[in-house]
Amino acid sequence: MRNKLEKMTCIEDLRKVAKQKLPKMFYDYVDTGSWTESTYHANCQDFQPIKLRQRVLTDMTGRTLETTMVGQQVKMPVALAPTGLTGMVHADGEILAARAAEQFGVPYTLSTMSICSIEDIAANTNAPFWFQLYVMRDRAFMRDLIRRAQDAKCSALVVTADLQVLGQRHKDIKNGLSTPPKPTLRNWLNLATKPEWCLAMLNTQRRSFGNIVGHNLGVADTTSIASWTAEQFDPKLSWDDIAEIKNLWNGKLVIKGILDAEDAEMAVKAGADAIVVSNHGGRQLDGAPSTIHTLPHILSAVGSHIEVWLDSGIYTGQDVLKAIALGAKGTMIGRAFLYGLGAFGEEGVKRALEIIYQEMDISMAFAGKTDIKTVNKDILIPGTYPVAN
């Protein structure tokens with residue numbers, strides 16, 4: 001196993017292995033965007049024009065990427081983003097990813113739409129993890145989720161604000177995405193070519209939405225993501241709800257899905273501790289700008305009043321370094337760790353984190369810096385990076 005992992009030298013290597021091992025519907029679920037996927041692709045492509053200044057003959061010893069995110073010490077400014085159906089990418093996937101994050105020294109965020117439950121993660125880890133909340137029409141269920149996260153000693157609540165309605169992802173519809181997979185001939189034929197995935201799934205009982213099973217939500221079809229979302233995600237979600245959630249939670253509050261300066265200012269007024277500049281990985285509003293393009297505008301609006309993080313499109317340590325140089329205090333990765341999970345399970349997630357750490361560490365050294373907390377626009381070539389209007 002270790003020999004195979006050592007040959008994984010970049011996230012793209014992990015992606016290729018994951019594509020071979022995963023059932024088509026779950027690989028496509030990870031690696032897809034909405035409609036034309038223009039925003040999905042722009043998230044990655046818009047990092048490329050940003051150029052780093054190479055500095056030489058500087059003392060490169062004693063480097064550190066350690067910093068904090070909402071007061072929590074982290075080995076590098078990266079957290080694992082909340083991703084739905086992680087336990088379908090690999091059996092018990094949320095547990096494996098959380099353990100890998102804990103061992104590496106970065107935060108893990110559990111999605112409401114996870115296969116493993118809040119209680120599963122708490123029972124299998126020691127470090128505090130974060131919980132991501134989708135606001136439901138059933139507010140009693142929402143309040144119960146918050147209570148369960150508190151009981152599990154979660155150290156931050158991440159409220160996703162950009163999924164009041166579901167963006168259309170063509171591949172999910174064409175694949176008939178469901179959990180567990182529906183017993184169709186097409187699915188059986190595809191699963192027959194994925195023996196490692198099938199064997200692992202046969203050896204776990206966690207194959208449905210762990211945070212939902214056992215709660216009477218009146219859902220007509222629990223195996224259909226589209227049906228469940230249409231019935232339970234609340235399009236009425238507003239800033240008034242954020243105030244209620246903050247009062248219920250009484251802890252560190254992060255709002256994810258901010259892509260506009262006015263919304264960032266509203267988040268400051270709402271008392272959030274951090275915001276995540278995110279377009280849901282290009283999975284919601286196709287045609288929206290990339291997150292790295294939007295970051296300077298949001299930072300210009302909110303200054304130092306709130307921690308600003310970035311996700312969507314981060315595949316390399318250089319991507320993280322560029323986001324930090326432009327003023328972000330942290331980042332989140334989703335697909336990058338899911339590729340590792342799908343390829344090699346828990347060890348694959350660790351390898352993904354190792355790759356990003358090494359890329360960031362070496363690039364920071366070449367840019368003449370030894371402490372991530374001192375990284376700023378000075379390491380970038382003027383005229384190559386986006387600026388606020």
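None of the figures in this text is laboratory data; all of them are computed from the coordinates on show. Keep in mind that what you see is a predicted model, and the values were worked out from it rather than measured. Positions of Cβ are backbone-derived with ideal geometry, glycine not excepted, and every protein chain shown enters the neighbour counts.
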Handout entry: Extension reserve of the A127-Q45 stretch, reckoned as 0.36 nm per residue once the Cα distance is removed
Key = 26.1 nm
Fill in the blank from the handout: Percent antiparallel among DSSP beta bridges confined to the chain, nearest 5, equals 20 percent
Completion exercise
Hull surface over four for the Cα convex hull of region 242-363, reported in nm², is 8.4 nm²
Exercise for the section: Once every Cα of the chain carries one equal point scatterer and solvent is ignored, give the base-10 log of I(q)/I(0) from the Debye formula at q = 0.07, 0.09 Å⁻¹, two decimals. Expected result: -0.29, -0.49
Handout entry: Neighbour-limited loop hits for trypsin sites (Lys or Arg not before Pro), region 116-210 (at most 13 other Cβ within 10 Å; DSSP other than H, G, I, E, B)
Key = K153
Fill in the blank from the handout: Taking R0 as 22 Å and r as the Cβ-Cβ distance between L248 and E119, the FRET efficiency 1/(1 + (r/R0)^6), rounded to the nearest 0.05, comes to 0.70
Practice task
Per DSSP H run of n ≥ 4, the term is -39500 (n - 2.57); total these for the chain, divide by its residue number, and report the mean residue ellipticity at 222 nm rounded to 500 deg cm²/dmol.
Solution key: -12500 deg cm²/dmol
Exercise for the section: Give a quick list of GluC sites (Glu not before Pro) in region 1-82 that DSSP marks as loop, anything other than H, G, I, E or B, with at most 12 other Cβ atoms within 10 Å. Expected result: none
Exercise for the section: With viscosity set to 0.890 mPa s and temperature to 25 °C, compute the Stokes-Einstein D of region 66-217, Rh being the Kirkwood radius across alpha carbon pairs; µm²/s, no decimals. Expected result: 147 µm²/s
Handout entry: region 1-134: mean projected area of Cα convex hull, nm²
Key = 11.6 nm²
Handout entry: region 159-203 - convex hull of alpha carbons, volume per residue in Å³
Key = 116 Å³
Exercise for the section: Collect residues whose amide H, placed 1.01 Å from N in the peptide plane, falls under 5 Å from the amide H of M136; neighbours closer than 5 in sequence don't count. Expected result: M142
Completion exercise
Candidate span helices, the chain: DSSP H, at least 24 Å along axis from Cα coords, Kyte-Doolittle average at least -0.5, result 335-366
Completion exercise
With bins of 5 Å, the percent of all Cα-Cα pairs of region 308-375 per bin from 0 is 4, 18, 27, 23, 16, 9, 4, 0
Handout entry: Unsatisfied cross-links (Cα-Cα over 24 Å) in the set K7/K256; K7/K194; K16/K329; K16/K171
Key = K7/K256; K16/K329
Practice task
Determine Rg/Rh for region 250-313; Rg is computed over alpha-carbon atoms and Rh is the Kirkwood hydrodynamic estimate from the same atoms.
Solution key: 0.95
Completion exercise
Per the rule of 0.36 nm per residue minus the C-alpha distance, extending K182 to K16 adds in nm 57.2 nm
